[in-house]
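The values are calculated or read from the model by the stated rules, or taken from the named source; none is laboratory data. All values derive from a computational prediction rather than experimental measurement. Just the protein is used for accessible areas: all its heavy atoms, side chains included, with ligands, DNA and RNA removed. Shrake-Rupley method; radii C 1.70, N 1.55, O 1.52, S 1.80 Å.
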Amino acid sequence: MNNQANSITQNSKNISKNQSNIQESHVGLVELQLEDLDKVVGGKLQSGDLS
């Protein structure tokens, strides 16, 4: 029974860590997308073509 309790505790810690990592990854992806969008919009603004 003690092993089961330890496993459950460890699994809970791993799940929390995974959720944290997923959030960090998502933030990184959004930052990359914004950077790409900025390049695209910036290029169009410079050329005067926004349509």
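Quick one: how many residues across segment 14-51 are at pLDDT below 85 and β-branched (Val, Ile, Thr)?
2
Taking the options ASN11, ASN3, name whichever one is at pLDDT 90 or above, open to solvent by 90 Å² or more (accessible area, probe 1.4 Å), assigned to a helix (DSSP H, G or I) and not hydroxyl-bearing (Ser, Thr, Tyr).
After ruling out the rest, the residue left standing is ASN3.
Are any residues in segment 14-36 within 10 Å of the chain's Cα centre (by Cα) and of a type in the set (Ser, Thr, Tyr), and if so, which ones?
If the condition is that a residue be within 10 Å of the chain's Cα centre (by Cα) and of a type in the set (Ser, Thr, Tyr), then SER20, SER25 are the ones that fit.
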